[in-house]
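As structure tokens, the structure follows; a few thoughts come after it.
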Amino acid sequence: MEIKQTAMAGTLESSDLQIVLSQGTKGIEFDLTSDVAKQFGNDIKATIKSVLDAYDIENASVKVVDKGALTPVIKARAITAAQRALDLKDQPNWEVL
Amino acid sequence: MENKVNREIPDQILNDYKYEGFKTTDFGNPEIQRVAPKVTAQVGPSKVVESVKKVVSETLKDGMTISFHHHFREGDFVFNMVMREIIDAGYKDLTLAPSSLTNVMNDIVVEAIQKGVVTNITSSGMRGSLGDAVSHGALKNPVIFRSHGGRARAIEEGKVKIDVAFLGVPNADEMGNANGMNGDAAFGSLGYALIDAQYANKVVLLTDSLMPYPNTPASIKQTQVDYVVKVDKVGDPDKIGSGATRFTKDPKELQIAQMVNDVIVHSPYFKQGFSFQTGSGGAALAVTRFLRKAMIENQIKASFALGGITKPTVDLLNEGLVSRIMDVQDFDKGAASSMKNDANQQEIDASWYADPANKGAMVDKLDVAILSALEIDTKFNVNVMSGSDGVIRGAIGGHQDAATAKLTIISAPLVRGRIATIVPDVTTVITPGDSIDVVVTELGIAINPKRKDLIDSLSKVPGLPIFTIEELQQKAEKLVGKAEPLQFTDRVVALAEYRDGSLIDVIKQVKD
């Protein structure tokens, strides 16, 4: 699916994560900022990638500022951002949830 | 070689720096030859010199070892004042040997390293921009980290030979009689600085408050002091110690404190005349409050409280629940100001407090120690030095020393954000698992399997969940996920000594 609009989800509070999804052309491109990037950077990217895959998003620029979020939080923020970016926020994709 | 906590210590480090690997927490009864300082005799009538610049040029040469204390903590003006003169005068190859380094000292130390002014450092710890610089290989030689007791030992044995000690004091007379209790920048106990005053070849006092001679009580004596420098201000009173101590309202910290208290109260050590040491963290302060209630209910009084002192401990002294406070440093104003008014709050130096190489340290008589941790591993080894990213950001302090208590409790949350506190292997071993007895987290406790007696006495306590340390580690990992291992280069940037002077671990340069 094509991203229709730049969308954001999440906050910059501790244990949260803020994600901004915008249109891209060269696959999924990450820009990740996290204090735990050394230990969990790849895991965070993989978690978000799996959500984007579920929405069939193939091209996107993904800006992530992580504040030590646990995996369920990362997933929730990614889903919300995807729904908003695809302009599906009134029709939640239950299969993904 | 691999030492007794399974850390690989490069042979080159052992040879170059003449170390043995850590073997045991038991110090034994070796005979030790101490060193004595060189004394330059003088008769006065005054040791006052007009400027830091003058005293630096009269005392300092390239390659010397200089020291400072950290009793002013984040309110320290003296360190920057002296280091500025030293850097501007263009000295080279100095060894910096302070009792510890606080954040306010970071930038000027980084500058001194970059300019080649400082090429060796030994300290209790470091953090912030300095820890970051050292972890990225800024310093030519590895930093040597020592506990407060270990520093006293190293100075007494001559492993650290201080040429010039620059000691800030909130008051002094013209001959160098000084204490930490009076004056605008009073901080209470001078515990760590007393070793420097006793063993440095040249002792320089810096004060903003010249008192009529003779100034008493004198913790540092005129017999030890070479120079007295009058400066405008030695420190910022608001940043020396925190103001009024507030008890934590964090439910997680309170839960941990409650369980720490349960462990103490149901241990064999909670009896008339017991002794304890608590740190300054949120949970540790809350423990003091729970302990107070338990002591009143059980009509039990403590013989002494030890170490770094806070107002809640002073309150116990005032209530008669603690007979003596043995005070090596004060963390807040309440503790600092009470020392001058209460003879039962005794100032002790770092050797008396925690040095294994003397005729008996206070920690040897300690029943209960409550300590914190950045990481604890399934062998009960504790890291208080390197952060979750492998960068130096901590201090040994009295951790290794107090951990020799009969009951050593580590209080720590199971996870901090996404970082597990209980891990399969700590990044840096600072305190060996052999000296740790109980780990308390908000989910429950783990008891060192070597302490079968404690397992027996604590297993019947209602509301005190007991897990193995492996179970706690797995719970943490389930919550945050499995972390990727940190990447280091082969270059050693810091050495961590155990309190006996053996090498317990090395810290390597981080790979970014």
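For the range B:1-95, chymotrypsin sites (Phe, Trp or Tyr not before Pro) meeting the loop criterion (DSSP other than H, G, I, E, B) and having at most 10 other Cβ atoms within 10 Å: none.
Spread over its residues, the convex hull of the C-alpha atoms of the range A:7-85 is 70 Å³ per residue. As a length-normalised measure over Cα pairs under 8 Å and 6 or more apart, the relative contact order of chain B settles at 16 percent. Around the amide H of B:D505, modelled in the peptide plane, lie the amide H atoms of B:A496, all under 5 Å away and 5 or more residues distant in sequence or on another chain.
Once R0 is set to 51 Å, what does the formula 1/(1 + (r/R0)^6) return for the Cβ-Cβ distance between B:S303 and A:K26, expressed as a FRET efficiency to the nearest 0.05? Computed FRET efficiency for B:S303 and A:K26: 0.10. Computed extension length for B:E470-B:K18: 159.1 nm, one decimal, from 0.36 nm per residue of separation with the Cα-Cα distance subtracted. Under the convention that each Lys and Arg Cβ holds +1 and each Asp and Glu Cβ holds -1, the size of the dipole of chain A around its Cα centre is about 160 debye. Assuming charge only on the beta carbon of Lys and Arg (+1) and of Asp and Glu (-1), the dipole of the protein assembly as shown about its Cα centre is about 560 debye to the nearest 20. Rounded if a/c is under 1.5, else prolate if a/b is larger than b/c, else oblate: which is the range B:150-251, with a ≥ b ≥ c the root eigenvalues of its Cα gyration tensor? Cα axes put the range B:150-251 in the oblate bin. With a bin width of 20 angstrom, please list the P(r) values of chain B as percents of all Cα-Cα pairs, from the 0 bin to the one holding the largest distance. Over chain B, the share of Cα pairs per 20 Å bin runs 24, 57, 19, 0 percent.
Calculate how many DSSP beta bridges within the protein assembly as shown are antiparallel, expressed in % of all such bridges and rounded to the nearest 5.
Counting only bridges with both partners in the protein assembly as shown, antiparallel ones make up about 35 percent.
With the gyration tensor restricted to C-alpha atoms of the range B:39-136, the semi-axes of the equivalent ellipsoid amount to 25, 15, 12 Å, longest first. Charges were assigned to the Cβ only: +1 to each Lys and Arg, -1 to each Asp and Glu. The resulting dipole of chain B about its Cα centre is roughly 400 debye. Residue separation of B:K406 and B:F488 scaled by 0.36 nm, minus their Cα-Cα distance, works out to 25.9 nm of gained length. Farthest toward the positive end of the dipole of the protein assembly as shown, out of B:G188, B:H399, B:T59, is the Cα of B:G188, where the dipole comes from beta carbon charges about the Cα centre. Can you tell me the relative contact order of the range B:251-486? Whole percent, Cα pairs under 8 Å, sequence separation 6 or more. 18 percent.
Compute the longest continuous run of chain B that contains no exposed GluC sites (Glu not before Pro); treat a site as exposed when its DSSP state is not H, G, I, E or B and it has at most 14 other Cβ atoms within 10 Å. Looking at chain B, B:51-318 is the longest stretch - no exposed GluC sites (Glu not before Pro) with at most 14 other Cβ atoms within 10 Å. In a DSSP loop and with at most 16 other Cβ atoms within 10 Å, the trypsin sites (Lys or Arg not before Pro) in the range B:54-146 are B:K61, B:K92, B:K115, B:K140.
Across the range B:47-240, Cα pairs under 8 Å and at least six residues apart give a relative contact order of 26 percent. Evaluated at q = 0.09, 0.13, 0.14 Å⁻¹, the base-10 log of the normalised Debye intensity for the range B:47-240, with identical point scatterers placed on the Cα atoms, takes the values -0.28, -0.61, -0.71. Over all projection directions, the Cα-based convex hull of the protein assembly as shown averages an area of 30.2 nm². Axis angle, to the nearest 10 degrees, between helix B:251-265 and the longest C-alpha principal axis of chain B: 80 degrees. Compared with the dominant Cα axis of chain A, that is its longest principal axis, helix A:37-54 is turned about 10°. To the nearest ten degrees, helix B:469-480 and the longest principal axis of the Cα atoms of chain B are 80 degrees apart.
Every read-out reported here was derived from the displayed coordinates using simple, explicitly stated rules and does not represent laboratory data. Keep in mind that this is a model prediction, so the values were computed, not measured. In this analysis, Cβ positions are derived from the backbone assuming ideal geometry, glycine residues included, and neighbour counts consider all displayed protein chains.
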